[in-house]
Amino acid sequence: MEFFIYCRDRPGTARLRDELTEAHQSFMDGYAEAMIARGPTLTPDRETATGSMHMVDLPDAEAARVFAFEEPNYRAGVYGEVLVRRWRNALGRTMWDFDGDLAGNRRFLVIGHGRPGVSDTRDLLLEAHRRYFVDHGYQDRFIARGPLLSDDGTEWIGSAMLVELRDRAAVDAMLAGEPFARAGLYADIEVHDWQFGGRP
């Protein structure tokens, strides 16, 4: 059962986050085999962390809550908000399988929050959504992507994706033509600078 977990940092907690780096890494070591993707979101200058993102395969919702709320940064007050959602790994791989090119690109986390009651429309557009990424050359730029799902896993409630593109403008251009976005299926789309996480 795959989950998307995004924790937003409280303002002014950068020093505390730094102090907890080893505790955080040690906690995550226990989930190494379950990890699909992980890493911090960043300010646009990529100098300061703004949150932590994990895509992880866990037994059930209770295990996801333990993962999110027993984590040292959360327990110490680094995070002000925690989002835990069912998710499906549409690419069937981990971020370590991705052959990237950071020389001329940056990495981003995109979270699309779905509008209520649009699952049927989403189903009708699903093939166009998939074809768009292939036809416009984005398929090979995805590190991970997949739908956010209701707690029982039956209803689409959004999308979460990690993508490597030239810059923020390139991400915006991708989203501008994407069928779900064009049809208004998202109430809100967040785009965060992001980088691979884990031990160096």
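Considering only Cα atoms, the convex hull volume of the range 30-109 works out to 123 Å³ per residue.
Relative to its residue count, the range 132-198 spans a Cα convex hull of 117 Å³ per residue. Taking amide H atoms as placed 1.01 Å from N in the peptide plane, the amide H of Gly80 lies under 5 Å from those of Arg8, Asp9, Arg10, each 5 or more residues away in sequence or on another chain.
What's the FRET efficiency of Asp97 with Met1 using the Cβ-Cβ distance as r and R₀ = 25 Å, to the nearest 0.05?
On the way: r = 20 Å, r/R0 = 0.82.
E between Asp97 and Met1, to the nearest 0.05, is 0.75.
Using Cα atoms only, what is the angle between the long axis of helix 119-135 and the major principal axis of the chain, expressed in degrees (0 to 90) to the nearest 10? Here the helix axis deviates by roughly 90 degrees. Contact order for the range 102-200, expressed relative to its length and based on alpha carbon pairs under 8 Å spaced 6+ residues apart, stands at 48 percent.
Helical runs assigned H by DSSP (4 residues or longer) give the chain a calculated mean residue ellipticity at 222 nm of -8500 deg cm²/dmol, each run adding -39500 (n - 2.57) before division by the residue total.
Computed over the chain, relative contact order equals 29 percent, with contacts defined as Cα pairs under 8 Å that lie 6+ residues apart. Working note: Debye formula, equal point scatterers on the alpha-carbon atoms of the chain, no solvent; log10 I(q)/I(0) at q = 0.10, 0.14 Å⁻¹ is -0.40, -0.81.
Distance between the C-alpha centres of the range 50-99 and the range 1-43: 8 Å, rounded to the whole angstrom.
Surface analysis of the range 1-144 yields an accessible area of 52 Å² per residue, using protein heavy atoms and a 1.4 Å probe. Points 7 angstrom from Cα along the Cβ direction at Glu62 and Ser26: gap in nanometres? If labels sit at Glu62 and Ser26, their model points lie 2.6 nm apart. Using a 1.4 Å probe on the protein chains only, how many percent of the accessible area of the range 100-200 belongs to carbon and sulfur? Here carbon and sulfur together make up 48 percent of the probe-accessible area. This model, with +1 at the C-beta of Lys and Arg and -1 at the C-beta of Asp and Glu, gives the range 69-200 a dipole about its Cα centre of some 140 debye.
Taking the C-alpha atoms only, the angle from helix 168-177 to the longest principal axis of the chain is near 40 degrees.
Loop-located GluC sites (Glu not before Pro) in the range 5-61 (DSSP state other than H, G, I, E, B) with a sparse environment of at most 10 neighbouring Cβ atoms within 10 Å: Glu47.
The values are calculated or read from the model by the stated rules, or taken from the named source; none is laboratory data. Everything numeric in this text was worked out from a predicted model, so none of it was measured. Cβ coordinates were reconstructed from backbone atoms using ideal geometry, including for glycine residues, and neighbour counts include every protein chain displayed. Calculation scope for accessible area: heavy atoms of the full protein, side chains included, ligands and nucleic acids excluded. Shrake-Rupley method; radii C 1.70, N 1.55, O 1.52, S 1.80 Å.
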